[in-house]
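We did not get these values from a lab; they are worked out from the coordinates using the rules stated. Bear in mind that the values here come from a model prediction, so they are computed numbers and not experimental data. A quick note on method: Cβ atoms are made from the backbone with ideal geometry, for glycine too, and the neighbour counts reach across all protein chains shown.
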Amino acid sequence: MEQKLRGVNLGGWLVLEKWMAPSLFQGTPADDEYYLAYDLPEAEYQARLLIHRETFITEADFLRISAAGFNTVRIPVPYFIFGDRAPFIGCIDYLDKAFAWAKAYDLKILIDLHTAPFSQNGFDNGGLSGVVRWAQMPEEVAFELTVLERLAKRYADHEALWGIEVLNEPITDGEVWHSMNPMDRFPPRDLALAKGSAPISLDFLRTFYQDAYRRMRNYLSDDKVIVFHDGF
């Protein structure tokens with residue numbers, strides 16, 4: 001008999017969202033993770049992130065989660081998790097810690113690739129609000145796939161891995177785009193950066209998901225789950 005998942009989401013830790021951690025954004029006009037890196041002096045940006053990542057989620061939280069009867073944690077991570085997209089600061093060492101803590105307290109982890117360069121939805125939780133250009137940029141689509149491959153390879157044999165979510169909340173065209181209206185909901189700070197923003201077609205999304213699946217299955221055994229978001 002399969003075990004029922006009882007999960008909790010560790011949002012706001014490795015992917016920053018202002019409503020979850022407003023103190024990080026204090027004194028800046030930034031409303032998302034992208035601009036926070038540019039609105040703060042480099043040294044202060046690094047210091048704020050270090051304090052946040054060290055204290056927002058700790059080993060004690062994993063102990064409490066396990067003691068409360070949960071068995072799974074979903075951890076949103078950014079596309080720059082490996083530290084190769086300056087000026088953003090990588091955080092793979094913190095995900096490594098999370099896996100060690102999960103193993104210690106008998107928890108499983110769902111890694112959620114939560115953001116994409118130039119955003120997959122234009123929301124603040126996509127890392128850059130008011131911009132939806134990722135799917136139009138082949139080099140960035142390819143980069144996102146490399147991130148998924150590296151995550152799959154790194155944790156494939158870890159007993160705490162439950163699965164990997166390919167991409168959080170990509171926004172598709174048609175009624176979804178118009179009803180959610182991300183460009184009005186989150187007015188872009190930089191009109192030039194946002195120029196050409198558009199929804200993602202279902203055909204593109206299916207192709208991306210299939211490509212991601214094939215690449216990740218090179219490393220992941222069949223008992224590791226690959227999760228696809230429905231694109232709303």
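Does residue 106 satisfy the criteria of being surrounded by 22 or more Cβ atoms within 10 Å (Cβ to Cβ), among the charged types (D, E, K, R) and over 24 Å from residue 194 (Cβ atoms)?
Criteria not met by residue 106.
So is residue 96 in a helix (DSSP H, G or I) and either touching a strand residue (DSSP E or B) at 6+ places or on another chain (Cβ under 9 Å) or under 30 Å from residue 44 (Cβ atoms) (or both) or not?
When the stated conditions are applied, residue 96 passes them.
State whether the residues of segment 111-133 include one that is among the aliphatic types (A, V, I, L, M), touching a residue at least 12 places away in the same chain (Cβ under 8 Å) and surrounded by fewer than 17 Cβ atoms within 10 Å (Cβ to Cβ).
For segment 111-133, residues among the aliphatic types (A, V, I, L, M), touching a residue at least 12 places away in the same chain (Cβ under 8 Å) and surrounded by fewer than 17 Cβ atoms within 10 Å (Cβ to Cβ): absent.
Name the single residue that is surrounded by the most Cβ atoms within 10 Å (Cβ to Cβ) among those in segment 6-31 being in a loop (DSSP other than H, G, I, E, B) and among the polar types (S, T, N, Q).
Of all residues in segment 6-31, those in a loop (DSSP other than H, G, I, E, B) come to 6, 10-21, 26-31.
This time we only want the ones that are among the polar types (S, T, N, Q), so: 26, 28.
Values: 26: 10, 28: 16.
Looking at residues that are in a loop (DSSP other than H, G, I, E, B) and among the polar types (S, T, N, Q), I get 28.
Among the residues in segment 66-85, are any within 26 Å of residue 189 (Cα to Cα) and part of a helix (DSSP H, G or I)?
Within segment 66-85, the first condition is being within 26 Å of residue 189 (Cα to Cα), and the residues that meet it are 76-81, 83-85.
Going one step further and asking which of them are part of a helix (DSSP H, G or I), we end up with none.
No - not one qualifying residue is present in segment 66-85.
Do we have residue 145 as in contact with a strand residue (DSSP E or B) (Cβ under 8 Å, 6 or more places away or on another chain), under 23 Å from residue 205 (Cβ atoms), aliphatic (A, V, I, L, M) and assigned to a helix (DSSP H, G or I) here?
no
Within segment 208-229, track down each residue that is of a type in the set (S, T, N, Q) and either in a helix (DSSP H, G or I) or buried (at least 17 other Cβ atoms within 10 Å of the Cβ) (or both).
Result: 210, single match.
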